[in-house]
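Working notes, beginning with the structure itself.
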Amino acid sequence: MLRPWAAHWVAAVLLCRAVAQYSSDQCSWRGSGLSHESHRRDVEQVYLRCSQGSLEWLYPTGAIIVNLRPNIEPSPGHMSGLHVCIKPQVYSQGSHVYLEHAGDLRLLLAEKDQAQGTVHCFSLAEGVLFVEAIPQADISRRITAFQYELVPSQGPAMHMFPYLQPGSVACKPCSDEEVLMAVCTSDFAGSGVFQGVAPGTNKHSLATVTLRRLFHQKSRVFAWGGARGRSWSGRINVAAQCSVRPGGDEYLLTGSVHFGEAWLGCAPRYKDFLKLYIQAQNAGTNPCQVDTN
């Protein structure tokens, strides 16, 4: 059952949806509650149509509804498999974040939890973000801020991304087809060795890697340099259940990038990948071309 104030918000949501103007091609939003401070129960609609971006709400008053959608017209099946992940800034305060669906509100992120900067994910089909300002006399130092990403629930690295896994992350080997597709579609792909592993959380550890080849990367998570300037170096999040041995074999390293951090996906030994790649190339079934020399 909704609390009395929530019932008011539901009515405001329905009214706001009826009159809101649609705004497209927006990745990030920055606004101020001072624009309607005299009407502290106003509800403002925000539309964001990018795969990633940010929101910053200064001096929060009233509430905002954040509608997140991909920048292409998705099929119904694609929408059901799409998730939203949000990462609050450690200085974020002044509001609670809910999921709103068909008039029901479910708490996603309380104000006190935002300082931890922990990533929270939910299915896009579960609803929209409803950000409610906490009434207080002094709002001068209150800012609600978070980053967001739209993430598919399936892909070359999704089984290694713990934020989408309610239980344990399984370290399953990738099939030949998944390996070949990972080289083409992953946020990063290259070959290298693990230099060391540092403890992270109970869900993942942080591996330092050196890459001799870098086929492509997103967001510059690997830096050129290393020993004598002949390699790339960086860090990759690895699921805690997956064993990583520093030194030794060279691996094909692929994966995804979330909130500026690399996450390991398909990672066969490089010599095994090279054999598979040459076979697919000779058979004319290679999905993309990379320089393996």
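The values are calculated or read from the model by the stated rules, or taken from the named source; none is laboratory data. The model shown is predicted, which means the values in this text are computed figures rather than measured ones. Cβ sites come from the backbone with ideal geometry, for glycine too, and all protein chains shown count toward neighbours. Surface areas here come from the heavy atoms of the whole protein model, side chains and all, with no ligands, DNA or RNA. Shrake-Rupley method; radii C 1.70, N 1.55, O 1.52, S 1.80 Å.
Assorted remarks:
- Contact map, the range 36-48: residues that are closer than 17 Å to VAL128 by Cβ and at pLDDT 90 or above paired with residues that are open to solvent by less than 50 Å² (accessible area, probe 1.4 Å) and in a loop (DSSP other than H, G, I, E, B), Cβ distance under 6 Å, separation 6+ or inter-chain. Pairs shown: GLN45/ALA20; TYR47/SER23.
- Each residue in the range 240-285 was checked for being out of contact with any helix residue (DSSP H, G or I) (no Cβ under 8 Å at 6 or more places or on another chain), closer than 30 Å to SER54 by Cβ and in a strand (DSSP E or B), and 4 pass.
- Residue match in the range 216-239 (condition: outside any loop (DSSP other than H, G, I, E, B), in contact with a helix residue (DSSP H, G or I) (Cβ under 6 Å, 6 or more places away or on another chain) and modelled with pLDDT under 90): yes
- Reported count of residues in the range 246-278, each being of a type in the set (D, E, K, R) and closer than 15 Å to THR210 by Cα, is 3.
- Tally of residues being touching a His at 6+ places or on another chain (Cβ under 8 Å) and touching a residue at least 40 places away in the same chain (Cβ under 8 Å) across the range 219-262: 3
- Residue count for the range 184-207 satisfying the condition of being open to solvent by less than 60 Å² (accessible area, probe 1.4 Å), within 14 Å of TRP263 (Cα to Cα) and either polar (S, T, N, Q) or assigned to a loop (DSSP other than H, G, I, E, B) (or both): 4.
- Cβ-Cβ distances below 7 Å connect the following pairs, each with a first residue in the range 279-293 that is of a type in the set (Ser, Thr, Tyr), a second residue that is open to solvent by less than 100 Å² (accessible area, probe 1.4 Å), and a separation of six or more residues or different chains: THR292/LEU274; THR292/TYR277.
- Of all the listed residues (VAL131, VAL84), the sole one being part of a strand (DSSP E or B), among the β-branched types (Val, Ile, Thr), within 23 Å of ARG30 (Cβ to Cβ) and modelled with pLDDT under 95 is VAL84.
- For the range 81-126, the tally of residues that are open to solvent by less than 40 Å² (accessible area, probe 1.4 Å) and among the charged types (D, E, K, R) stands at 1.
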